[in-house]
Amino acid sequence: MDERSLREFAEVLRGRRTINVFLQTPVPEKLIREAIEVATWAPNHHVTEPWRFYLLGDESKERCLDLCREIVLQKKGPQAADFKRRNWSEKPGWLVVTCQRSDDELLQRENYAACSAAIQTMMLYLWKADVGSKWSSGDITKDSRFLDIVGIDPTQAFVVGLIWYGYPKITPAQSRKELEDVLANLP
């Protein structure tokens, strides 16, 4: 690979941001399906392919919005609940990623890591196509009512992330620590 290609690839990796505010332009489902297919090539120990992807349609999104409001209402009251529901309703695309459960603790950790790698791979693919995303693992993803909405059997799988996606309206700036702050050279 030539140096220019590597620099361009590095720009994609460094440029990806968590997007909180999206345009209301729909993302073609074909692109999302391509991103998911690419995600399935993420490394996974023993080729377990522990991930499952769930694209949420309008009915499922509405049920999730109602549940989100209910969860926030109980914790923070009606004003915060209405704000959160309104904010979430502006997320154009919804995707849930789960990981298959395992009784083997080591395999469970490896599978979770594989699912995380798959999500990152998918998000980078989308970013290269000018589609932003946000990976959420908040309260709703652990709620049994959410699992019911998505059709997840909690004895078989758990949610790794609720991924919102769409074309960014605002792309935030960001920085990282210097390499010297995160790299140790050992003898």
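The values are calculated or read from the model by the stated rules, or taken from the named source; none is laboratory data. Predicted model, so just to flag it, every value in this text is computed and none were measured. So basically every Cβ, Gly included, is an ideal-geometry build from the backbone, and we count neighbours across all protein chains shown.
Here are some notes:
- Residue count for region 21-64 satisfying the condition of being within 16 Å of the chain's Cα centre (by Cα), buried (at least 16 other Cβ atoms within 10 Å of the Cβ) and not in a helix (DSSP H, G or I): 9.
- Remark: pairs (first residue in region 149-176, under 21 Å from Glu29 (Cα atoms); second residue in a loop (DSSP other than H, G, I, E, B) and of a type in the set (D, E, K, R); Cβ separation under 6 Å; 6+ apart in sequence or on different chains) = Trp164/Lys91.
- Taking region 122-141 as the range and being in a helix (DSSP H, G or I) and modelled with pLDDT under 95 as the test, only Asp139 passes.
- Checking each residue in region 93-111 for being without any contact (Cβ under 8 Å) to a residue 60 or more places away in the chain and either over 19 Å from Gln156 (Cβ atoms) or in a helix (DSSP H, G or I) (or both) picks out Glu105, Leu106, Gln108, Arg109.
- Any hit, region 135-150, residues being more than 18 Å from the chain's Cα centre (by Cα), surrounded by fewer than 12 Cβ atoms within 10 Å (Cβ to Cβ) and closer than 18 Å to Leu65 by Cα: yes
- Each residue in region 1-20 was checked for being outside any loop (DSSP other than H, G, I, E, B), of a type in the set (A, V, I, L, M) and more than 27 Å from Tyr112 (Cα to Cα), and 1 pass.
- Region 92-126, residues that are touching a Gly at 6+ places or on another chain (Cβ under 7 Å) and surrounded by 18 or more Cβ atoms within 10 Å (Cβ to Cβ): Gly93, Val97, Ile119
- Condition met for Leu73 (surrounded by fewer than 17 Cβ atoms within 10 Å (Cβ to Cβ), hydrophobic (A, V, I, L, M, F, W, C) and without any contact (Cβ under 8 Å) to a residue 12 or more places away in the chain): yes
- Single residue of Tyr112, Tyr167 found to be within 17 Å of the chain's Cα centre (by Cα) and under 30 Å from Arg7 (Cβ atoms): Tyr167
- Residue count for region 76-91, restricted to those that are of a type in the set (A, V, I, L, M) and either in contact (Cβ under 8 Å) with a residue 40 or more places away in the chain or buried (at least 18 other Cβ atoms within 10 Å of the Cβ) (or both): 1.
- Consider region 65-92 and keep the residues that are among the basic types (Lys, Arg) and assigned to a helix (DSSP H, G or I). The one that is farthest from Gly138 (Cα to Cα) is Arg86.
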